[in-house]
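The next block holds one structure in the form of structure tokens; read it before the comments.
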Amino acid sequence: MAESAIGGSAGRTSHEEVGLRFEVDGEIATITLDRPDRRNAQTFATWSALAHIGETLPQQVRVVVVRGEGPSFSAGMDLRMFTPEGIPGQESLADFALLGESAFEQRIAQAQQGFLWLRRPDIVSVAAVQGHAIGAGFQLALACDLRVLADDAKLCMKEPALGLVPDLTGTKPLVDLVGPSRAIEICLTARVVGAREAAVIGLAELVVAPEDLAGAVGDLTAALLTADRDAATATKRLLQGARNRTLEEQSAAERREQVARVKALFAGS
Ligand code: CAA
């Protein structure tokens, strides 16, 4: 098992201090949102820590599991950020509103770095979701390649109801998975999507009983690791690009990846 801390000019903050646990066991890394008393609410410090984990992920890791401690996966952004007092030691939304547009966008871009790396082709990310996944919580689950849901999971894109847009990279995967019409309906009504519906509309690969969630994620992880490492990376890269390519372009991409694979397999023989 290995753990790391978040470096920075202001010193080092442990993941625990921002409510995260990070554990590595061979080829599997597990990130646990660990503030169950606040239903794993997220802050800018959470997103910096997630970005740091992505930047320093040990090279041997092939699967990253993202899970939440307690009854909820995550209740989304810490609502204290809406208050004038904010969160001690962190900027509030009121502070951000005073920034220039470009500086504010830069802060959002930093937060998004905590989510974007989960799509890297050399890893597969799996969200294990029980209970509520609201706002930033739903977006964190959407940032992962795969979602395994406990049957008590409740997904909700609350941002528009609070006067915001979902901006933590969740809108593209949501539209890719359910289409623009369903995405508009889910976001603008801020309704709860339950686990069974999530599976039917493509938001979950698997739905299991809450007590089976860890076991199901373990089984899925083991199955993912049976693929050859380089072939898995090349295949994920190929599949990720498919939607934005024509059939001819995708066929050409398949050829390029396969030539590289076969050459690597027979190198030196
Ligand atoms: N921020 C800070 N604290 C939170 C929180 C949040 N988002 N969600 C829950 N908590 C705290 C509660 O205040 C409560 O604290 P106390 O024990 O000190 O009173 C504790 O966590 C437990 O909460 P509940 O008693 O409400 O727990 P529950 O299991 O009955 O309900 C819940 C869980 C449905 C998630 C409910 O807590 C809830 O609705 N939370 C707010 C969800 C929300 O609106 N999130 C913002 C989403 S928008 C977003 O995320 C913005 C963005 O990305 C840009």
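The values are calculated or read from the model by the stated rules, or taken from the named source; none is laboratory data. Just so we're clear, the structure is a prediction, and the values are computed from it rather than from any experiment. Note: areas computed on protein heavy atoms with side chains; ligands, DNA, RNA excluded. Shrake-Rupley method; radii C 1.70, N 1.55, O 1.52, S 1.80 Å.
Based on alpha-carbon centroids, what's the gap between the range 131-171 and the range 86-119 in Å, whole number please?
If you average the Cα positions of each part, the centres end up 18 Å apart.
Cα-Cα pairs above 28 Å in the range 1-140: how many percent?
Summing the P(r) of the range 1-140 above 28 Å gives 15 percent of all pairs.
Could you state the angle between the C-alpha long axis of helix 101-116 and the longest principal axis of the C-alpha atoms of the chain, as a value from 0 to 90 degrees rounded to the nearest 10?
The angle comes out near 50 degrees.
Per residue of the chain, what 222 nm ellipticity follows from adding -39500 (n - 2.57) for every DSSP H run with n ≥ 4, rounded to the nearest 500?
-12500 deg cm²/dmol
From Cα pairs below 8 angstrom and at least 6 apart in sequence, can you work out the relative contact order of the chain, rounded to a whole percent?
Result for the chain is 14 percent.
Enter the per residue convex hull volume of the range 83-242, computed from alpha-carbon coordinates, in Å³ rounded to the nearest integer.
Cα convex hull per residue, to the nearest whole number: 144 Å³.
How would Ser74, Ser48 line up by accessible area, probe 1.4 Å, largest first?
Ser48, Ser74
Counting only heavy atoms of protein chains, what accessible area per residue, in Å², does the chain have with a probe of 1.4 Å?
In whole numbers, the chain has 50 Å² accessible per residue.
Taking the 0 to 90 degree range and rounding to the nearest ten, how far is the long axis of helix 213-224 tilted relative to the main principal axis of the chain, both from C-alpha atoms?
It is inclined by approximately 30 degrees.
Using only Cα atoms and rounding to the nearest 10 degrees, what angle (0 to 90) does helix 229-242 make with the longest principal axis of the chain?
70
So for the range 216-256, what are the equivalent ellipsoid semi-axes in whole Å, largest first, each being the square root of 5 times an eigenvalue of the Cα gyration tensor?
26, 11, 6
Starting from the Cα gyration tensor of the range 178-226, multiply each eigenvalue by 5, take the square root, and state the resulting semi-axes largest first in whole Å.
27, 13, 7
Once you order the gyration tensor axes a ≥ b ≥ c over the Cα atoms, which shape class does the range 75-168 get: rounded for a/c under 1.5, otherwise prolate or oblate by comparing a/b with b/c?
Cα axes put the range 75-168 in the oblate bin.
If all Cα-Cα distances of the chain are sorted into 5 Å bins from 0 onward, what percent lands in each bin, rounded to whole numbers?
Per 5 Å bin, starting at zero, the Cα-Cα P(r) for the chain comes out as 1, 6, 12, 16, 18, 17, 13, 9, 5, 2, 1, 0, 0, 0 percent.
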